[in-house]
Amino acid sequence: MSQTKPEPATAGIETEQTSVGSVFVSNYPPYSVWNESAVPDVQNALTDDPSDDATLGLYLHIPFCRKRCKFCYFRVYTDKNSTEIDTYLNALAEEIELYGKQPALDNRPLKFVYFGGGTPSYISVKHLNTLVERIKKVFPWDTAEEVAFECEPGTLTQKKLQAIKGIGVTRLSLGVENLNDKILEENGRAHLSKEVYRIHPWIKELEFDQVNIDLISGMIGETWESWQDTVQKTIELDPDSITVYQLELPFNTVYSKDILGGDALPVADWKLKREWHQYAFEQFTQVGYEQSSAYTVLKKDKPCKFVYRDAVWQGSDMIGTGVASFSHFSGIHFQNAPSWGDYLSTIESGELPIYRAFKPTDDEKLTREMILQLKLGKINPSYFQSKFNADILALYREEFDQLQNEGMLRIHSDQDEIQLTQRGLLQVDGLLPTFYAQEYQNTRYT
Ligand SMILES: C[S@@+](CC[C@H](N)C(=O)[O-])C[C@H]1O[C@@H](n2cnc3c(N)ncnc32)[C@H](O)[C@@H]1O
Ligand code: SF4
């Protein structure tokens, strides 16, 4: 069992202070219990016959950034030169070619593709086109419902945007985070607001199916005034969807290290970050957006969806490629080697770079889907009855009753619905550990 080190993502948020530790729940059981001994289960699943009903997605991790943001917890490198990037992208293509030889993936169409990071828009047009050409030979994605691509505004040029559109990207996601230059600088972002305005007309002109803007509520230096300004300016940019995250400080961020080293960082508490988040969503809904999850609003008058999120939260197969990437395949979780050297050398030896895995029980699969889908704001008990043959209202009676009594959700049994209140939705990640099995509560998350 993992070392005991409770974090909000395994223990819930008890204090109002923003303390160091993961909050965002992206999977279950916690990553800290995944291990090497389950890796053969992945290899067996990959050599099995293809499954005819599961949907399949491909995630590509592009771990490069111009600068490391002081709040960021992703696996990123800011010191790699063009030759090293070349080596990495070559390995990434080889990894995908290795997957192409696995019987369980034979002839399976992709429902979605996700370029995440790091910063996929950091790589050059030439690198991007070479990579995509190779991947499409193994997994063509012309019929995929969504090809999503994350961008840091300062890395985009008109030519690069044209290339991104050219490879079939349908959902362009921009890490805007804030539109106040002082705040962007203080938090170590590589871009300033003028770069957002520089690229905006080019993005409009290219008519992507969906353009998303990411914001963070609670960046260091934020005030009510600056946040209101960022929210208004975001509305003026007219994106199709807006995602608002509340700042969290997992163990590996620059700010977390400062705090653990004794610095008194002026970081907003959870109550204030929720108030900012709520304010933003109220403003967005007043001008024609509607809430589609705890974090995202979508334009009401435009058909928008987020295929990647919905598929992953419904247990879809997803092959995650690149250093430290996470996958879910045939019901098994696994993660790639988390270090640059191990990732590259394993691929060089012709093997998949899988380093830890976990095969959840049926109960754990049910809990995983239920907690992830709760982030959508409502779940339907009948979905779990037909998929898992389980009555979640009976299984989790005590937990649902307790959350209902605390004003976090409402149970509408007659309408086959459990619905989070706005209050519950604004702190949903902190509520989810309530549903964890005892053995996973109060453990280390990652
Ligand atoms: C991989 S980045 C997006 C693309 C690009 N790297 C960028 O930052 O512009 C994913 C998103 O995670 C969010 N994020 C990163 N660190 C965070 C933190 N500590 N708390 C909350 N959100 C965070 C940011 O909103 C960011 O846009
Ligand atoms: S938030 Fe984005 S740009 Fe900043 S370090 Fe993380 S991945 Fe890179």
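Odds and ends about this structure:
- Residues that are among the polar types (S, T, N, Q) and within 11 Å of ligand 1 (Cβ to nearest atom), drawn from the stretch 110-132: 119, 121
- Filter pass, residue 163 being in a helix (DSSP H, G or I), in the same structural domain as residue 244 (by TED's automatic domain parsing), farther than 26 Å from residue 310 by Cα and in contact (Cβ under 8 Å) with a residue 24 or more places away in the chain: yes
- Exclusive hit being out of contact with any Phe, Trp or Tyr (no Cβ under 7 Å at 6 or more places or on another chain) and without any contact (Cβ under 8 Å) to a residue 12 or more places away in the chain, set 37, 51: 37
- Residues that are assigned to a strand (DSSP E or B) and closer than 13 Å to residue 203 by Cα were ranked within the stretch 166-176; the one that is farthest from ligand 2 (Cβ to nearest atom) is 171.
- Residue under evaluation residue 192, criteria (1) within 14 Å of ligand 2 (Cβ to nearest atom); (2) out of contact with any helix residue (DSSP H, G or I) (no Cβ under 7 Å at 6 or more places or on another chain), criterion not met: (2)
- Of all the criteria given as (1) closer than 19 Å to residue 29 by Cα; (2) of a type in the set (Val, Ile, Thr); (3) not in a strand (DSSP E or B), the one not satisfied by residue 319 is (3).
- Test: residue in the stretch 77-89 that is within 13 Å of ligand 1 (Cβ to nearest atom), surrounded by fewer than 20 Cβ atoms within 10 Å (Cβ to Cβ) and part of a loop (DSSP other than H, G, I, E, B): yes
- Look at (1) part of a loop (DSSP other than H, G, I, E, B); (2) of a type outside the set (Lys, Arg); (3) touching a residue at least 60 places away in the same chain (Cβ under 8 Å) and you find that residue 96 fails only one, number (1).
- Residue within the stretch 124-145 that is within 11 Å of ligand 2 (Cβ to nearest atom) and under 21 Å from the mean Cα position of the chain (by Cα) present: no
- Residue check, residue 310 acidic (Asp, Glu) and within 30 Å of residue 334 (Cβ to Cβ): yes
- Residue under evaluation residue 347, criteria (1) modelled with pLDDT of 95 or more; (2) surrounded by fewer than 18 Cβ atoms within 10 Å (Cβ to Cβ); (3) over 22 Å from residue 292 (Cα atoms), criterion not met: (2)
- In the condition set (1) within 13 Å of residue 203 (Cα to Cα); (2) within 15 Å of ligand 2 (Cβ to nearest atom), residue 162 is compliant with all but (2).
- Qualifying residue in the stretch 120-141 (condition: part of a loop (DSSP other than H, G, I, E, B), without any contact (Cβ under 8 Å) to a residue 60 or more places away in the chain, of a type outside the set (D, E, K, R) and closer than 20 Å to residue 317 by Cα): yes
- Cβ-Cβ contacts under 7 Å between residues 6 or more apart (or on different chains), taken from a first residue in the stretch 69-86 that is free of Cβ contacts under 8 Å to residues at least 40 places away in the same chain to a second residue that is within 13 Å of ligand 2 (Cβ to nearest atom), are listed as 78/65; 78/66; 78/67; 78/68; 80/64.
- Assessment of the stretch 362-373 against the conditions (surrounded by fewer than 13 Cβ atoms within 10 Å (Cβ to Cβ) and more than 21 Å from the chain's Cα centre (by Cα)) yields at least one matching residue.
- Residue 196 surrounded by 19 or more Cβ atoms within 10 Å (Cβ to Cβ), of a type in the set (A, V, I, L, M, F, W, C), assigned to a helix (DSSP H, G or I) and within 11 Å of ligand 1 (Cβ to nearest atom): yes
- Any hit, the stretch 357-374, residues being more than 30 Å from residue 44 (Cα to Cα) and at pLDDT 95 or above: yes
- Top-ranked residue in the stretch 232-261 [being buried (at least 22 other Cβ atoms within 10 Å of the Cβ) and aliphatic (A, V, I, L, M); ranked as farthest from ligand 2 (Cβ to nearest atom)]: 242
Quick grid of which residues meet (1) under 18 Å from residue 133 (Cβ atoms); (2) more than 16 Å from ligand 2 (Cβ to nearest atom):
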residue	(1), (2)
71	no, no
84	no, yes
91	yes, yes
95	yes, yes
113	yes, yes
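The values are calculated or read from the model by the stated rules, or taken from the named source; none is laboratory data. No experiment lies behind these values; they were computed from the predicted model shown. Don't worry about glycine lacking a Cβ; one is built from the backbone with ideal geometry, like all the others, and counts go over all protein chains shown.
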